[in-house]
Every structure is written in C-alpha cells, then in structure tokens.
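The next block holds one structure in the form of structure tokens; read it before the comments.
Every read-out reported here was derived from the displayed coordinates using simple, explicitly stated rules and does not represent laboratory data. Since this is a predicted model, take the numbers as computed values, not measurements. Because the Cβ atoms are built from the backbone with ideal geometry, glycine has one as well, and the counts that use them run over all protein chains shown.
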Amino acid sequence: MIDIHKVDRLVFTPQVNIMAASRLHYMDYGVEGSLSNWCNENHLEDTVKNPDTALGRLFEAGLNGDVTDGDLIPELAGRFCYRAWLKGRVNEQYIGNILDQHHGSVLEHSHLSFAIGGVSRSLSHELVRHRHFNISQESQRYVQPTNLRCVVPPLFIDMGEEGLPYIDNLYHHFVKSTALALSMMRSLDKGASTLERKRVNESCRSVLPNCTETRLFWSGNMRSLRHFFALRGGEAADLEIRRLAVAVFNAAVEFAPNCFQDIEVRKVSDSTIPVLDVKGGSV
C-alpha cells in the first residue's frame, strides 16, 4: 500500500486565493470621476465632509480602513435607492437590515475573484449549475496530462485508517488512467502539427477520471456567494464542494465581514468538514 503522506500527487485540501476585489474610488487619482467628484456634482460636498452624516461616516470609515469596501459598496448602493445621505445605521447594522429585509440586489455590486485549485473535475461539474458566477477553467485540451494530481474524496479522509485502502485503490486507478493518457501523447511524431496535438489531448482527457485535479478562476458577487454558501455549505451538500464552500467563506469573510455576519461555521460529529449555517438564507 502507498504511503499517502509521501505521495505529492494526492490532494487533500482545496487552495483558495482572492485575486481581485471590488474597490470604492474615493478620491480623484487622475481618473475621470470618483465618489468625491460625485458628491461635489450633487451638492453633497458639505454632507460628505461631516462625519455625523451617514455619507460622511461611510466616506471616513472607508478611508480609515474601519470598514471594508466590500461592505461599504452595498451600503452605498442601498442609500442611492432612498437618497439616505444624512441619517441611518452604521454599516454592520445597515447590512444586517438588508439581510433581514432580503434586499439582496444591493449585494450584487460587490465582487470577488478567486484562484481555486485542489478541486476535482467532478466538483467543477457541480459549479456550472450556479448561473451567477463567472468561471474560467484550466483546459484539458491545451494543458498536457503531465504532473496531474488526484483529489482525495473527503469521506476517505473522515474514515481515518479504514479509508487508507480506498485512497490506495483510487490512487492506483488514477495512475493507470494518466499513464494511458501519457502513452497516447507520446505516440505523436515530433513533427506533429498544433491541431494534431490538440486532437490527441482531447482524446487523452476521455480516460482521465473525475478525481483529476482542475484549477479555476472563479468570480462572483456577495449575493451569489451567499447563495452558494447556503446551498453548498449545508449538511446535505456533497462533501468535497462543502469543503470548498468553507474555504471560500473563510477567504470572503475577510473582505466583507458584514455581508456574511449571519453565517456561522459549525462543526459536525460525522465529518472533519464543518457546516455553514446561513441564518438569513439566500437573500
């Protein structure tokens, strides 16, 4: 049996990194238009300079870094609806009321983009069901099947010692499949054209198992993320995608803690993967 701790082609956890995030443009940095310019154009220059007003508090909190742009953008969008520039709640309370009222449209103005790795092709087939995300996926037609890795299902990890034979069998099945794909590639002549190489690669991927790792550039707004956490972070969700949902949540909550203030990470007895309890539901 293989020593799973010495096999670098086995993947046990997803990798999630924030690559891009929505930002408020507070001042004029040589670019046409900004929040400060908009305030001047709409005769709110005195309002935004007064920290006792809602608009002034929002501007000051953002510049001082007291509240993230990820949370301030939905508040700004909400205040646009009612021209509520003078009075109102602080950001955490404001977003909390949005969640209570299910006024989720304003959450769509705040976005995050993630680089995701360590997930299986099986999982990526589930992600395409979420219509409001933007997905760019590593191509198996252009990326040759060298140095591919095998994603271990969380159930086998939860089984402890009893899961080792299953991991061993999965790994050897994966090795055989990738070896077949590589042998198909090596059948190519050195002078093969680009199109011929594509044809072989697209045939190779037909023998690769669903546990093969894939990488994604994945973008969505705060409302879409809440929907994803509510559906994929629950106890009934597929374990691998729940594992990803928790990892994405841990990254996203740093960017917009108030947008996710009602979400609790809860441990469960039957798995090492916690559950996301979204109290406000999918707004």
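When peptides 230-241, 250-261 are sorted by average Cβ neighbour count within 10 Å, with the highest value leading, the order is 250-261, 230-241. Ellipsoid fit via the Cα gyration tensor, the chain: semi-axes of 45, 24, 13 Å, each the root of five times an eigenvalue, largest first.
Taking the number of Cβ atoms within 10 Å of each Cβ as an exposure proxy, the fewest-first ranking of ILE157, ILE18, ILE273 is ILE18, ILE157, ILE273.
Between helix 91-101 and the chain there is an angle of about 70 degrees, using the helix long axis and the longest principal axis of the Cα atoms. Sparse packing (at most 10 other Cβ atoms within 10 Å of the Cβ) combined with a DSSP loop state is found for the following chymotrypsin sites (Phe, Trp or Tyr not before Pro) in segment 8-82: TYR29.
Inter-label distance, SER34 to SER136: 2.9 nm, where each label sits 7 Å from its Cα along the C-beta direction. The string of couplings for segment 266-283 from the Karplus curve (6.51, -1.76, 1.60, θ = phi - 60°) is 10, 6, 10, 6, 9, 7, 6, 8, x, 10, 9, 9, 9, 5, x, x, 8, 6 Hz, one whole number per residue in order, with x for Gly and Pro. Karplus-derived 3J(HN,Hα) values for segment 123-139, using 6.51 cos²θ - 1.76 cosθ + 1.60 with θ = phi - 60°, are 5, 4, 5, 6, 5, 5, 6, 8, 5, 9, 10, 9, 10, 10, 10, 4, 8 Hz; glycine and proline are entered as x. Taking Cα centre as origin and charging only the Cβ of basic (Lys, Arg, +1) and acidic (Asp, Glu, -1) residues, the dipole magnitude of segment 23-109 rounds to 220 debye. For the chain, the Cβ-based charge dipole about the Cα centre amounts to some 1100 debye (Lys, Arg positive; Asp, Glu negative; other atoms uncharged).
This ranking places SER269, SER36 by how few other beta-carbon atoms lie within 10 Å of each, fewest first, which gives SER269, SER36.
First measure r as the distance between the Cβ atoms of ASN50 and CYS81, then evaluate 1/(1 + (r/R0)^6) with R0 = 25 Å and state the FRET efficiency to the nearest 0.05.
For R0 = 25 Å, the calculated efficiency reads 0.70.
With unit charges on the beta carbons (Lys and Arg positive, Asp and Glu negative) and the dipole taken about the Cα centre of segment 23-109, which residue among ASN37, MET27, PRO74 sits farthest to the positive side? Projecting each Cα onto the dipole axis, the largest value belongs to PRO74. Modelled this way, with points 7 Å down the Cα-to-C-beta line, the labels at TYR26 and ARG199 are 5.9 nm from one another. Simple point charges give the picture: +1 on the Cβ of Lys and Arg, -1 on the Cβ of Asp and Glu, and for segment 204-283 a dipole about the Cα centre of about 200 debye.
Take the Cβ-Cβ distance between LEU182 and LYS279 as r, set R0 to 45 Å, and report the resulting FRET efficiency rounded to the nearest 0.05.
Approximately 0.35, to the nearest 0.05.
In the chain, a dipole from Cβ-located charges (positive for Lys and Arg, negative for Asp and Glu) runs towards its positive end, and of SER113, ALA247, CYS150 it is CYS150 whose Cα lies farthest in that direction.
In the chain, the longest principal axis of the Cα atoms and the axis of helix 222-232 are about 40 degrees apart.
For LEU99, LEU63, the sequence from fewest to most other C-beta atoms within 10 Å is LEU63, LEU99.
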